[in-house]
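Taking it in order: structure first as structure tokens, then the write-up.
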Amino acid sequence: MTTVIIRTMTRILTPAILVFGSYIILHGHLTPGGGFQGGAVFASGLALLIIAFSRKRVKEMFEKVPLSVFESIGALGFLGIGLMGIVMYTFLRNFIANSGAPFGMPTPEGINPGFLNTGGTLPYLNIFVGLKVLAGLTSIVLILFLILRREENE
Amino acid sequence: MRKLLGIIALTVFSIILFLTAVHLRSFGSPPHAEMDKYFIEHAQKEASANNVVTSVVFDYRGFDTLGEATVLFTAVSGVLMALRHYGGRKK
Amino acid sequence: MNSVLVNLPFIVVAILLAIGFYTIGFKRNLIKIIIGVEILEGAVNMFIVALGYVKGGYAPIYTQAPSGAIENMVLPTPQALTLTSIVIGVAVTALMLAFAVNIYKTYGTLDVSKVRRLRG
Amino acid sequence: MMEHLPALIIAIPLLGAFAAPLFKRHHKAVSIWAILITGITLIVSLLLTREVLVKGILVYVFGAKSPTLVLPSGYKVPIRIMFEVDALGAFMAISATLMSFVGALYSYSHVAHESGLEKYYSLLLLLEVGILGMVLTGDLFNLFVFMEIAGISGAALVGFRSYRGEASEAGIKYLIISAVASLMVLFSVALLYGEYGNLNLAYIAKNIKFGVVDLIAFGLLFTSFAMKCGAVPMHYWVPDAYTEIPAGGNPPLLVATYANLYALFRVSFTLFTNIVINISRAGWIMVILGVLTMFIGVTMALVQKDVKRLMSYHAISQTGYMLLGVGVGLTVLHDPSKLMEFGRDAIAGGLFHVINHIIYKSLLLMTAGALFYVTGTRNLDNMGGLARKMPITTISFMIGAAAISGLPPFNGFASKLIIYETSYMLNPILTVFAMVTSILTLASFVKVFASAFLGPPLKKYENVKEVPKPMLIAMIILAALCVIFGLFPKIILDKLIYPAADALINYLQYHSWGGLA
């Protein structure tokens, strides 16, 4: 069991960490970062939740979250976008770039302030990878935590 | 005996590594950067992304990234499988 | 002597690799061996990043870059490769630790010289 | 659609692996799913091989406008990751897909009572993906990534029976070996990147010079791949890993080992051609490594009591034959007349032995798994008199044992004969060693047969029955292949093996992306 200070700070910090993680995932094609890094930040927020609360609370919190399904969805989404490229070009072709679809606007050449609505398939892939990474890392932390805490309780 | 052999092997290997480090091209001035120049010049047009590293990771070398995501998937499956007999969520 | 000074980052990598191999070869605690693999991992990643450095280069990102950046950006490929290999390293470590947990549960020790039941 | 086959052969098993955890606890469904996916992949690999044999090297550039756009317009260097499938890669792909299919079929009954099956099948498919990527890729960093996929999934499968301490022990051993080996591969790839600023295998091979850094990179790559294909002196992980993995995972794990052997050949023949042509000693190193591996492996096998462990040591010993055969070819790569005289045949013999060994060793390990399935032990001293109870397993074992000992008319004989003949041309002592190893192998398997299948029937095995049908079918497929490859070696050699050997010899073809640039 952790102290009241940690639990209170966790309540305050976790939303901020989760938002920051999502920001890094979404802005992967403009600023340093991307799916892996953002997913890792997001997972670290969830890891904070996991270590701050008791085994019982954590079990309640994560019982309803199908982490392995999220992971599969992330991986399948990546693969699906890759396969969509086959139809016209090749596997993993960036077919959305400069096409006008969502995230498909051309980017101005040279130094610019950065526009979110660019990048083609990159933002989509970032989102899928982020989903996959956050689910994967969280499930590793979760299972190691559950083993550890079970020993403490018994 | 075994330890001595190990120490000898390690020493020889370290010398080889040191030799490599000295014989490499000098730090900070890559001799051939044609591929990287291409990425820097074309990333904004072809991938329409400002971040050249991300466009390399997800566009030019996207297949590696698929492999990388697969590695993570493999490891998570492996960890969950190796630890499946200790609690987890299912009981 | 000059090439030693110029290539100092590469020499640091060589030293780190030697330390990593020493740890894997001569330590008996399983966790320390895993740390040795991690040191190797870090050394190789550092080497790749060092390969991409261009003197006085900027990060290869166009968003709000300083004005002189376009002509002098560091190489992007090594950074992409390092990203990939870091994630792979995390994956390998996670699986190694899971096995270590299992080994500790069955044998009650992490000393590799006592663990060995598979022999011959 | 045909030009997208190299992408599909990776995408289909990946899809299967990613979707497998969604089946949750429907064990039957996930087994059938895995069999289906591996079956489809097998068909795709056969199609791919036909394409390659008809049209020559097949290039697939990922993410380009068209699959064969190797160089972007106006540029002299390749930019994107590509697959470069030649006859050798296609040959390895067939082995990988066939063995994954057989392994999935066998696993249907063999591990049916275990938990965590959706993960097991997911990892089995990922192992297949790893092998396929390794043997098809034309990009060095990509090779590293797929090597890691194969290594991690292989290690996880080795540790599948996590309630046994030995399984985790073997798993972590395999994982540490493969992590160190692949990190050294990555290090040497980085060295080459630093020198030439590219990661494409063919492009680097064209530009390689005779420098200190290149030699060190060659040495590191050679050592790491030799380490991972179980050559002496880094062979001790092989028996542990092969023993602890469930028998259904054995065939793909065998192919994974030989995918590293493939990478060793690819590196020595194709990547460092400019160096190897100048120093024929590189070939001699491979030959001596082969002889040592085959001899030490078989002597250690003789004293084993555990049936799977014994077979694993034989696997090490057989790897020596392949290194010997291909090594003989490598020594004469610079000399066209000798190459035509015996070098080409030697390479073909070594490669033919790869697929033969994969087939009969999988068969043998599966029969060992079947023995374990019915008796619950792997110790030879506790078995006996099983021949009556399990006729099909017994016959499969006999075929496999005859094939590994090099008895005619089975497939082991066909490839061993070529290796004897060609190594005699290089140096007769090599042939003597190879033959002695073969005799020792026969002796060792006679012992296994006598103690497991013959002898008085033991009381505790009175109620033993033949193993379930899927396991039998898997064994029968492989036994039939043993016989077919042994009876008609000429067809297999002409259709599959000689094109693969020529792919290694005609390095110029590979260096120019099959004539595209």
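The table below gives the values:
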{"item": "Alpha carbon centroid spacing (whole Å) that separates the range D:379-433 from the range D:85-117", "result": "23"}
{"item": "Pairwise burial D:B, computed as accessible area of each alone minus the pair, summed, 1.4 Å, Å²", "result": "3700"}
{"item": "R0 of 22 Å, Cβ-Cβ distance C:Ser67-A:Phe115: FRET efficiency to nearest 0.05", "result": "0.65"}
{"item": "Backbone HN-Hα couplings from phi across the range D:271-285 [Karplus 6.51/-1.76/1.60, Hz, Gly and Pro as x]", "result": "6, 9, 3, 4, 7, 5, 5, 7, 10, 6, 4, 4, x, 5, 4"}
{"item": "Reduced Cα scattering model of the range B:33-85, Debye log10 I(q)/I(0), q = 0.19, 0.23, 0.31 Å⁻¹", "result": "-0.66, -0.80, -1.08"}
{"item": "Rounded to the nearest 20 debye, dipole of the range A:50-154 from Cβ charges on Lys, Arg, Asp, Glu", "result": "220"}
{"item": "Gyration tensor (Cα) of the protein assembly as shown, equivalent ellipsoid semi-axes in angstrom", "result": "41, 34, 26"}
{"item": "Base-10 log of normalised Debye intensity for the range D:274-517 (one unit scatterer per alpha-carbon) at q = 0.09, 0.10, 0.14 Å⁻¹", "result": "-0.43, -0.51, -0.88"}
{"item": "Of every Cα-Cα pair in chain D, the percent that sits beyond 37 Å", "result": "24"}
{"item": "P(r) tail fraction, chain A - alpha-carbon pairs more than 22 Å apart, %", "result": "50"}
{"item": "Simple label model, 7 Å out from Cα along Cβ direction - C:Lys27 to D:Asn506, nm", "result": "5.1"}
{"item": "Most fluctuating residue given options B:Thr74, B:Thr54, B:Thr20, as computed from a GNM of chain B linking Cα atoms under 10 Å", "result": "B:Thr20"}
{"item": "Distance in nm between pseudo-label sites at D:Tyr163 and D:Lys469 (7 Å out along the Cβ direction from Cα)", "result": "2.9"}
{"item": "Cα Rg over Rh - the range D:330-430, Kirkwood", "result": "1.17"}
{"item": "Exposure ranking of D:Tyr60, C:Tyr22 by accessible area [1.4 Å probe, largest first]", "result": "C:Tyr22, D:Tyr60"}
{"item": "Alpha carbon centroid spacing (whole Å) that separates the range D:1-53 from the range C:1-45", "result": "40"}
{"item": "Given charges at Cβ of Lys, Arg, Asp, Glu: the protein assembly as shown dipole, positive-most of D:Leu310, D:Val77, B:Met1", "result": "D:Leu310"}
{"item": "Mean separation of Cα contacts under 8 Å, 6 or more apart, over the residue count of the range D:288-444: relative contact order %", "result": "27"}
{"item": "Full-extension gain in nm, D:Ser115 to D:Lys338, via 0.36 nm per residue minus C-alpha separation", "result": "74.7 nm"}
{"item": "The range D:105-151, Cα convex hull volume normalised per residue, Å³", "result": "66"}
{"item": "Gyration tensor (alpha-carbon) shape descriptor, the range D:1-272, a/c threshold 1.5", "result": "oblate"}
{"item": "Net dipole in debye of the range D:274-517 [+1 Lys, Arg Cβ; -1 Asp, Glu Cβ; about Cα centre; nearest 20]", "result": "860"}
{"item": "Pairs beyond 19 Å (Cα-Cα), from A:Lys64/D:Lys24; D:Lys228/D:Lys447; C:Lys105/D:Lys119; D:Lys308/D:Lys447", "result": "D:Lys228/D:Lys447; C:Lys105/D:Lys119"}
{"item": "Heavy-atom accessible area ranking, 1.4 Å probe, most first, across C:Val12, C:Val37", "result": "C:Val12, C:Val37"}
{"item": "Chain C: C-alpha pair distances exceeding 24 Å, %", "result": "47"}
{"item": "Qualifying lysines (Cα of each under 19 Å from Cα of D:Lys465; at least 8 residues distant if same chain)", "result": "D:Lys389"}
{"item": "Cα long-axis angle, helix D:391-404 against chain D (0 to 90 degrees, to the nearest 10)", "result": "40"}
{"item": "Of C:Ala14, D:Ile484, A:Gly34, farthest towards positive along the dipole that unit charges on Lys, Arg, Asp, Glu beta carbons give the protein assembly as shown", "result": "D:Ile484"}
{"item": "Inter-centroid distance (Cα atoms) of the range D:302-334 relative to the range B:59-82, Å", "result": "32"}
{"item": "Whole-number accessible area per residue in Å² for the protein assembly as shown, which is evaluated in the context of all protein chains at 1.4 Å", "result": "34"}
{"item": "Sum of side-chain charges, C:Val87 neighbourhood, beta-carbon under 15 Å (Lys, Arg +1; Asp, Glu -1)", "result": "-4"}
{"item": "Cβ-based charge dipole, the range A:87-154, positive-most Cα from A:Leu131, A:Asn98, A:Met88", "result": "A:Met88"}
{"item": "Shielded residues, the range C:1-24 - accessible-area loss of 50 Å² or more between chain alone and all protein chains, probe 1.4 Å", "result": "C:Asn7, C:Phe10, C:Leu17, C:Phe21"}
{"item": "Accessible surface buried upon A-B contact (total; probe 1.4 Å; Å², nearest 100)", "result": "3200"}
{"item": "Area buried, chain C against chain A - accessible surface, total, 1.4 angstrom probe, square angstrom", "result": "1100"}
{"item": "Degrees, to the nearest 10: A:4-26 long Cα axis against longest axis of chain A", "result": "10"}
{"item": "Accessible-area ranking of D:Ile245, D:Ile43, largest first, probe 1.4 Å", "result": "D:Ile43, D:Ile245"}
{"item": "Spin-label model distance (nm) - C:Tyr107 vs B:Leu5, 7 Å beyond Cα toward Cβ", "result": "2.1"}
{"item": "Spatially proximal aspartates and glutamates relative to C:Lys32 (Cα-Cα < 19 Å; intrachain offsets below 8 disregarded)", "result": "C:Glu41, C:Asp111, D:Glu169"}
{"item": "Chain D - percent of accessible surface contributed by carbon and sulfur, probe 1.4 Å", "result": "68"}
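The values are calculated or read from the model by the stated rules, or taken from the named source; none is laboratory data. Predicted, not measured: the structure shown is a model, and the values here were computed from it. Note that each Cβ is placed from the backbone with ideal geometry, even for glycine, and that neighbours are counted across all protein chains shown. Calculation scope for accessible area: heavy atoms of the full protein, side chains included, ligands and nucleic acids excluded. Shrake-Rupley method; radii C 1.70, N 1.55, O 1.52, S 1.80 Å.
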